[in-house]
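The values are calculated or read from the model by the stated rules, or taken from the named source; none is laboratory data. Small disclaimer: the values here were computed from a predicted structure and weren't measured. Quick reminder, even Gly has a Cβ in these numbers, built from the backbone with ideal geometry, and neighbours come from all protein chains shown. Only protein heavy atoms, including side chains, enter the accessible area calculation; ligands, DNA and RNA are left aside. Shrake-Rupley method; radii C 1.70, N 1.55, O 1.52, S 1.80 Å.
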Amino acid sequence: MNEKLLDQSKEPVPAVGMETATSPIALMQKDPDLDNLRKALKTIQIQGKTGLSGALSSCFKQHSNDITSLVISGDGAFMATCSRDFSIHLWNLGTRSIKIVFRYNAIPSAVSLSFNGNYLACGFADKIVKLYDSYRNSEIATFKGHANPVLSVACSQDGKFVTSGSTQGVIKVWNIQRKAEEFSLNSGNQDVVSMKFSFDGKYLGVASKDTQVRVWNFFRRALEYNYRHDRSLICINFSNDSKYVVSGDEDSKIKVFSLSENKELCILAGHERLIYDVSFSPDNKYIASASQDATIKIWNFEEKKEEFTIKNEESIVKAVSFHPQGKYFVSAYSSGCVRFNTFKNDHPFIDFTGFESGFNYLDFNPTGEFLMSTATNGEIKVWNIAKQCEEYTISGIENASHCAKFSPNGLWFGTCHNDSSVKLWNLADRSLIANFTGCERSTYCIAFSSDNKFLAATDGRCTIKVWDISTKVLEAEFFGHTEPALTLEFSPDGRFLAAGANDKFIRIWSIYEKKEVLKLVGHRYSVYSICYMPNGRFLASGSHDGTVRIWNLETGTEEFSFIHGAAVRVVKISSDGRFLFSTGERGIAKVWNLLGRYEEHNFEGFNDNIYSACISPDCKIIAVGTSDKILRLLNVEKLSQDGTPETGLKAGFSPDNTMLVTKSPDNQLKAYSLKTGEEVKSGTFQLVPPTEKSFNPNSILDFEFQNFHKFQTTLRHLENSHYEKILWPNIVFTNLKFSVTHFLAYLGMSDLISKLCENGSLALIPDIYGHLPIYYSIKAQHQETTELLLDHMCKLTETETLSFTKYFSWCSLTKDLPDIIRNSSSILDTFLACALFRQNKHVYFGTPLSTLPMFKNSEFMDSSPNDYAIDTEIKSPLVFKRTPFAMSLEASTNSSIEMADAILSSTNRDIFRTEVIKYYIQYKWSELQFWVYLYTIILWANIILILIFFEYPSIYLAIALLIVNFFLFFWELIQFFVSPIAYITSLMNYLDIFRLGTTIAYAVLILFYEKDYDVLTWFMMTCNLLRGVTGFRAFNNTRYYIRLLSECMYNMKDFLIVFVYTILSLGILNMISGSSIILSFESLWSASFGLVAGKSDNFYDNSIIQHFTFMVAVTINLIIMLNMIISILGDSFDEFQLNAEIYNYSEMLEVIYEAEQLIRVFSSRVDRYGYFHACVHAYNSGNSQWKGKIMDVRDFIRGKFLNEDLKPLVENNRKVVEANINENLGQKIEMVEKNVQEKMSLSIKTVNDRVSGIEGKIGTLEGKMDNLQSSVDAILSLLQDKGSS
């Protein structure tokens, strides 16, 4: 782990003594959701100590001392262990119990089993090898012959031989049948510490302390391969296909060698101490290693990297071995403990048999308590899931039923029949409610709308009929398919009906518009099943072509697809939209991860076609009906009926939530500190059982539909804080559905999250509270992580191919939006600018029903054009937008007030420029306009009453005045109690308090004391008039100027201080220069201030000093100061224009916020969540206000100067430059070509000359050789003549 990741992995805990109100710990105490996340992470990290990981790892302590060796028989039925306690245990793996115990008076060093477990061989320190009969529980033979202690033994795969290795490199092979030595091998002169037979029996692998890996051909008794380590070897093993050998040494290195390629494949490094044992998984995809560093590491052999680590802080891991079926691996420890570690997990199931026929349809009721099955012979049964038995059989239904389905309210069920009828039944007494007729031929399937309003059915004449359940009349009839529809599904909002048919098409109709709106083309054969995603934006379909396709209903195109492997009969979506379950022919049943787009799980064990299946509403049970007459309930949570895990260990927390408390089956309590993770040895412990909405420690191993291997791997990384090794951030844990990203966001792991965002593997999944990971990064005050996640969501909107992930992430923002806005991220405005999605890419032309923009709060994600426009001759281009997440738009509810408060408290004021905020404020304004005007009228009525009271003081007017002011006072109290801190920090509220006090005091003095105080009256009236000015905020045309006035005064505040100072200074100078030092208001203020208004009478001209003072006064006050005021006001106006949108909408929202708080006191409204829709002009921005000099300059630069002046100039220059470059480049190319040709000609000539020279030399040489040959011939001839003579 690099240093930065190490720093980030620390939990956000402040320094000691610094637990302030805003510290993470204080926030956790205030926020139970955050506290539950913290407890979940801590529990995962200490699960190994607490025993909560029992379903992953169960421990059996049968030996009293260090275990020296462990082996599992090839058939997986038995396991043998030996220990320094002088015992050898033979285990029955079916029951995980000890079958036989063998004892001897020497320490056993190694043990081995024959393939079927018939024979058990053990080597001892006293130089002998013993062979035992596992079935007869007797010793067969004792092999003697080693001169040194035996260190290793191995049984051949055919059960005919036992090999043993000792010190000094001696290997002996013993014949079991003859009970004698067969032959021996020499493996150097160092200790033979480990040996294993390959699974095909051909090779014997030997590991020696001389760093050599020797692989002997057992049949030929010859050394075939030899490999080397850098340090002494400790262990060796073969892959199950006998192609690879793996070995571990005392330098913590693991090496893998390929026998077929005769080379070293890889080195697996990661352990800190020597390697005691290694083992391949049965599929050869993984390697397990046991080390002296007290860890087991699982290595991904295909990717040559570590998968996860299992720590054991109590003792050293001495041995590890995979079970032949690959479901678990067994590890042995120096403490004498044997631990079974789950590696693969099959879902438990219950089968119901004895049926006369297969199944057509299965359906859970809305609560998941009952399952309704429709058999192919028409028999309908209802099953009690909790009791796991048949509840009753529905009798009295004539004609065979193809399909029986529960209604969404759980009160009825519908059936379709061979006689073309569709019937609706009362579930309670099974009485007939309605018989819907009109279909032709048999009816194949039915569907209920989610609001229980409509019932649809399809018949054999390719017709789809829809009935209104309440009126029992035909609502709509749809045509289009050329062959019968085999599956029907209403959209989640009940507005659309989709049908898949034998003609390989999927058609979607609008129920209310009574027309086809979409046709999905892509399948090659019949469409058997369809299912809507929970958000209604996507549709899944399964076909006879063996594919599962996901359709984007916004674009009408295929989003992505899966290859199922056989005809798909059923597709079902989990309630959270993360998984898809598909079943079909050849018994194939799979779970697909829709976010990761990969196969999550493959259910095995089905022997025949699966024509029906369904998922319970809580996604814990899958019901499957096969054609071989079996009804199977797959339980995705491996719990007993009372919810206790398999270990029997129950867990909860102490009353103060500082300790995790466990309770064993014998009622013993243990407590573990959540701060340190250590067991608390002393004290009285109390276990508080978890509630439904709190974290349940027993749920950390609930993996539901998720791939168990990926789940376990990620769980181990979380347990060991190896966050940088996490590959699957979308895996969720515990009953609260916390994803990995939730934990990473809470920890502030921004670098790791950034990496996961870049590789496209990250989706934002809500937990059971509806919180996204962003919420926890905000609460834990990790701003960098928050901005990273916000930026990730923005990027999702820009990437069309990730639209499924985009909708999934954005649809879950409902709960967290106020916290995100209140966080005031620097990219919050960018984020909110992405929060309003266009309904589609098309522009609709119609006549708006009212002034644009128009807004609507709807329970449906999509809106209809008919909601906003009609079709006339005068048409406008319109687009429809909506939020992908639901919002509480009901005025004056807690959520609505919270949203307004969040927007107002955000320090990123640019959010008021975003469409979603502007439209939201306009919508709320229209909803609360009456109350806003009423409050304004009361403010102005108060002023009018005061003016009338001036002229006609009476008790009646005083009472009316007091009533109005009591209402205003009551309103101030409401604001104070709702938000006391915000109230006391607003200057306007102090003005309100002062106004109330002076108004009531004035009325009391006039009525009861008949006294009129001018100063009090002036202050009272001033305050009321100032407060009355704020009433103009209720009107669009005056709100602008009121805010402009206040902004100008605010911008001038510093200047006014200087201005007052100069006036007082000039007044003092004028008083002194006139030799009349009289401190009065007139001399100090009036004389110099009057000059600003053009009044100079108060300035005397009796002396030169007075003249000079007058000139200074005119220069400073009349010329400089007035021009400065004009300049400041001009700049303020321009600055105001730049932020006019912000000021306008913030003012509106402040008024809305005040009105909602008042209404909330008098009415108790319930939050009503819906999607916010807007209909706007497709092209007009609607902003025609003058933007001031600065904006004019910007527009000039962007418009006229940039487009008309600069761009043409740059374009002309570019053309000239290009022409010059082309001309010069052409000339240079010609010159280069000419030079190249000249040089090539010269080179060719030179080469030719050289070749000619060489040819000449060769000719000369050939001539010389000819002469030489002639001379040789002459000499030979001469010699021959002499010989003859």
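A count restricted to the stretch 1006-1051 and to residues that are modelled with pLDDT of 80 or more, open to solvent by 30 Å² or more (accessible area, probe 1.4 Å) and among the hydrophobic types (A, V, I, L, M, F, W, C) stands at 12.
Within the stretch 744-764, the residues that satisfy the criterion of being under 10 Å from the mean Cα position of the chain (by Cα) and either closer than 11 Å to LEU37 by Cβ or open to solvent by less than 10 Å² (accessible area, probe 1.4 Å) (or both) are LEU762, ALA763, LEU764. So for the stretch 1165-1177 (the condition being of a type in the set (A, V, I, L, M, F, W, C), farther than 23 Å from PHE855 by Cβ and either open to solvent by 80 Å² or more (accessible area, probe 1.4 Å) or at pLDDT below 80 (or both)), does at least one residue qualify? No: the stretch 1165-1177 contains no residue that is of a type in the set (A, V, I, L, M, F, W, C), farther than 23 Å from PHE855 by Cβ and either open to solvent by 80 Å² or more (accessible area, probe 1.4 Å) or at pLDDT below 80 (or both). Against the numbered list (1) open to solvent by less than 30 Å² (accessible area, probe 1.4 Å); (2) more than 30 Å from GLY270 (Cα to Cα); (3) in contact with a strand residue (DSSP E or B) (Cβ under 8 Å, 6 or more places away or on another chain); (4) among the hydrophobic types (A, V, I, L, M, F, W, C), ILE731 comes up short only at (2). What number of residues within the stretch 162-173 satisfy the criterion of being touching a residue at least 24 places away in the same chain (Cβ under 8 Å) and open to solvent by 10 Å² or more (accessible area, probe 1.4 Å)? The total comes to 3.
For the structure I just gave you, tell me whether GLU927 is open to solvent by 50 Å² or more (accessible area, probe 1.4 Å) and farther than 30 Å from GLU859 by Cβ. Spelling it out, it is not the case that GLU927 is open to solvent by 50 Å² or more (accessible area, probe 1.4 Å) and farther than 30 Å from GLU859 by Cβ. Just to be sure before I move on: is ARG1033 over 25 Å from PHE950 (Cβ atoms), of a type in the set (Lys, Arg) and assigned to a helix (DSSP H, G or I) in the structure I sent? Here the answer is yes, as ARG1033 does meet what is asked. Only strands (runs of 3 or more DSSP E) whose full extent lies in the stretch 58-176 are considered here, and the ones with at least 1 residues that are under 30 Å from THR342 (Cα atoms) are 67-72, 78-83, 87-92, 97-103, 108-113, 119-124, 128-133, 150-155. Of all the residues in the stretch 76-99, those that are touching a Leu at 6+ places or on another chain (Cβ under 8 Å), open to solvent by 10 Å² or more (accessible area, probe 1.4 Å) and hydrophobic (A, V, I, L, M, F, W, C) number 3. Of everything listed in (1) modelled with pLDDT of 85 or more; (2) under 19 Å from the mean Cα position of the chain (by Cα), the single unmet condition for PHE705 is (1). Here is the figure for the stretch 767-782: residues that are touching a residue at least 60 places away in the same chain (Cβ under 8 Å), under 18 Å from LEU752 (Cβ atoms), open to solvent by less than 20 Å² (accessible area, probe 1.4 Å) and part of a loop (DSSP other than H, G, I, E, B) total 1. For the stretch 366-378, a residue qualifies if it is open to solvent by 50 Å² or more (accessible area, probe 1.4 Å) and in contact with a Ser or Thr (Cβ under 7 Å, 6 or more places away or on another chain), and the qualifying residues are THR376, ASN377.
The single residue among THR741, THR785 that is crowded, with 24+ Cβ neighbours inside 10 Å, in contact with a Gly (Cβ under 7 Å, 6 or more places away or on another chain) and either not acidic (Asp, Glu) or not in a helix (DSSP H, G or I) (or both) turns out to be THR785. Scanning the stretch 222-249 for residues that are of a type in the set (Ser, Thr, Tyr), in contact with a Phe, Trp or Tyr (Cβ under 7 Å, 6 or more places away or on another chain) and part of a strand (DSSP E or B) returns TYR227, TYR244. Evaluation of THR691 against the conditions (1) under 21 Å from ASP767 (Cα atoms); (2) touching a residue at least 12 places away in the same chain (Cβ under 8 Å); (3) surrounded by fewer than 19 Cβ atoms within 10 Å (Cβ to Cβ) shows that the sole unmet condition is (2).
Between LEU1007, LEU1016, the distinction of being more than 30 Å from ILE1125 (Cα to Cα) and in contact with a Pro (Cβ under 8 Å, 6 or more places away or on another chain) belongs to LEU1007 only.
Note on the stretch 473-496: residues that are aromatic (Phe, Trp, Tyr) and either within 21 Å of VAL570 (Cα to Cα) or under 29 Å from the mean Cα position of the chain (by Cα) (or both) total 2.
To keep it simple, each residue is scored yes or no on (1) over 30 Å from ASP283 (Cα atoms); (2) at pLDDT below 85.
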position: SER315; (1), (2): no, no
position: ALA319; (1), (2): no, no
position: LYS344; (1), (2): no, yes
position: PRO348; (1), (2): no, yes
position: THR374; (1), (2): yes, no
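Taking the listed residues ASP346, ASP351, ASP363, the one that is in contact with a helix residue (DSSP H, G or I) (Cβ under 9 Å, 6 or more places away or on another chain), open to solvent by 10 Å² or more (accessible area, probe 1.4 Å) and of a type in the set (D, E, K, R) is ASP346, with no other qualifying. Quickly run through the stretch 822-834 and pick out the residues that are surrounded by fewer than 23 Cβ atoms within 10 Å (Cβ to Cβ), of a type in the set (A, V, I, L, M, F, W, C) and farther than 10 Å from ASP791 by Cα. Once the filter is applied, which keeps residues that are surrounded by fewer than 23 Cβ atoms within 10 Å (Cβ to Cβ), of a type in the set (A, V, I, L, M, F, W, C) and farther than 10 Å from ASP791 by Cα, the stretch 822-834 yields ALA833, CYS834. For the stretch 61-72, the tally of residues that are crowded, with 17+ Cβ neighbours inside 10 Å and either under 19 Å from ALA290 (Cα atoms) or at pLDDT 95 or above (or both) stands at 8. Summed over the stretch 100-130, residues that are open to solvent by 50 Å² or more (accessible area, probe 1.4 Å), without any contact (Cβ under 8 Å) to a residue 40 or more places away in the chain and over 24 Å from ALA147 (Cα atoms) total 1. The residues of the stretch 539-587 that are of a type in the set (Val, Ile, Thr) and either open to solvent by 40 Å² or more (accessible area, probe 1.4 Å) or under 21 Å from the mean Cα position of the chain (by Cα) (or both), listed by number, are ILE550, THR555, THR557, ILE563, ILE573. Residue-level check: of (1) open to solvent by less than 10 Å² (accessible area, probe 1.4 Å); (2) of a type outside the set (S, T, N, Q); (3) at pLDDT 90 or above, ARG909 misses just (1).
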